[in-house]
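Let me begin by presenting the structure, written as structure tokens, before commenting on it.
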Amino acid sequence: MILGIDIGGSFTDMLLFDGKRFTAHKTFPTNIEILKNEIERSEAKAIGIAIAAWLREGKILHAPNLPFKEFDLKLNVPYIMENDANCFAYAASKIFNEKNLIGITIGTGIGMGIVIEEKIYHGNGIAGELGHIVIGGDEPCVCGGKGHLECYFSGWSIRKRYGREAKELFEKNEFPYDENFDVFCKAVANAILLFDPSIVAIGGRIGGRIDEKKLSRIYDFLPSQFKPKIKVVKDDYMVAKGAAYLAMESLKNI
Ligand SMILES: [Zn+2]
């Protein structure tokens, strides 16, 4: 059995994968001690860890949304650690059977994973940080910058701008899909122009609750020759699934 883990800012999702099916889905508050106990109990032979962090050569460079800066689980089974949005995109490419795809996760922040010819594109380590492209303005971003996409549209900025939890706004279909949503759609259009993916998969605790029809707004900012499918993935375990797929791939290479 392979264990797929998605360590988020608030919650950790976990599941088991036998190479075909995912079972034993579980969610608990992000906490290192609980996590260690769960890993021990699982008796997994390999582990895929997805983490809301910028990683370079396996090291955490930056993790503004996590409750810890560094962590060492002291694992004695093979494991891989990968950025959470990359895991999401990888799972989407497997599930939709598409070789070229971008996956965008919207939760507390915004992440993007790029899959090119079935492989995650890392650049120098942290490629695809769509949440921190410059839109403009002076609003401070969680990364230390100013006027980034996340300042207009993300879990943390929606709470600040609208005075309500983003997840609840989308679940109740009370989000106004206003100019801040347009800012997001323009950023996605720009990403499509860069990579020309066959699918844009959008997910995460907030992204997975966006009204898919509203996302057709993205096409308004694109030349008509660019028409990727835009799909909302309503599966909170996609990131953990991607981590499990990646752990399985790494076992094949041992
Ligand atoms: Zn930023």
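The values are calculated or read from the model by the stated rules, or taken from the named source; none is laboratory data. Quantities reported herein were computed from a predicted structural model and do not represent experimental measurements. FYI the Cβ positions are ideal-geometry reconstructions off the backbone, even for glycines, and counts take in every protein chain you see. Please note that ligands, DNA and RNA were not included when accessible areas were found on the heavy atoms of the full protein model with its side chains. Shrake-Rupley method; radii C 1.70, N 1.55, O 1.52, S 1.80 Å.
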- Could you list the residues of the stretch 193-217 with an amide nitrogen less than 20 Å from a label point located 7 Å from the Cα of residue 160 in the Cα-to-C-beta direction? 205-207
- Output the pairs from 119/227; 186/241; 172/214 with a Cα-Cα distance over 18 Å in this structure; if there are none, say none. 119/227; 186/241
- Query: What nm distance separates the two modelled labels at residue 117 and residue 25, each placed 7 Å from Cα along Cα→Cβ?
  - Reply: 3.5 nm
- Message: What does the extension gain come out to for residue 127 and residue 97, with contour length at 0.36 nm per residue minus their alpha carbon separation?
- Response: 8.6 nm
- Looking only at Cα atoms, what is the convex hull volume of the stretch 98-232 per residue, in Å³? 103 Å³
- Item | the stretch 1-26-the stretch 170-208 distance, computed between alpha-carbon centres (Å) | 26 Å
- Item | Size of electric dipole in the chain: Cβ of Lys, Arg +1 and of Asp, Glu -1, about Cα centre, debye, nearest 20 | 340 debye
- Item | Accessible area per residue in Å² at 1.4 Å probe, computed on the chain | 48 Å²
- Task: Please work out the Cα convex hull volume for the stretch 93-137 and give it in Å³ per residue.
- Result: 91 Å³
- Query: Out of 107, 128, 144, any idea which swings most in a Gaussian network model of the chain, alpha carbons joined below 10 Å?
  - Reply: 144
- Mean shadow area (nm²) of the C-alpha convex hull around the stretch 146-186 is 2.7 nm²
- Task: Please report, as a whole percent, how much of the solvent-accessible surface of the chain comes from carbon and sulfur atoms (probe radius 1.4 Å).
- Result: 48 percent
- Relative contact order of the stretch 98-232, defined on C-alpha pairs under 8 angstrom at six or more residues apart (%): 26 percent
- So what is log10(I(q)/I(0)) for the stretch 171-215 at q = 0.23, 0.25, 0.31 1/Å, when the Debye sum runs over its Cα atoms only? -0.92, -1.05, -1.29
- Fully extended, how many nm does the chain gain between residue 225 and residue 32 (0.36 nm per residue separation, minus their Cα-Cα distance)? 64.7 nm
- Return the loop-located trypsin sites (Lys or Arg not before Pro) in the stretch 151-254 (DSSP other than H, G, I, E, B) with at most 16 other Cβ atoms within 10 Å of their own Cβ; answer none if there are none. 164, 172, 234
- Based solely on its DSSP helices, what 222 nm [θ] is calculated for the chain when runs of n ≥ 4 H residues each add -39,500 (n - 2.57) and the sum is averaged over all residues, nearest 500 deg cm²/dmol? -9000 deg cm²/dmol
- Message: How big is the dipole moment of the stretch 189-254 about its Cα centre under a simple scheme where the beta carbon of each Lys and Arg is +1, that of each Asp and Glu is -1, and everything else is neutral? Debye, nearest 20, please.
- Response: 160 debye
- Descending Cα extents along the principal axes, the chain, whole Å: 49, 38, 36
- Message: Exposed loop sites here are GluC sites (Glu not before Pro) in DSSP loop states with at most 10 other C-beta atoms within 10 Å. What is the longest stretch of the chain lacking them?
- Response: 175-254
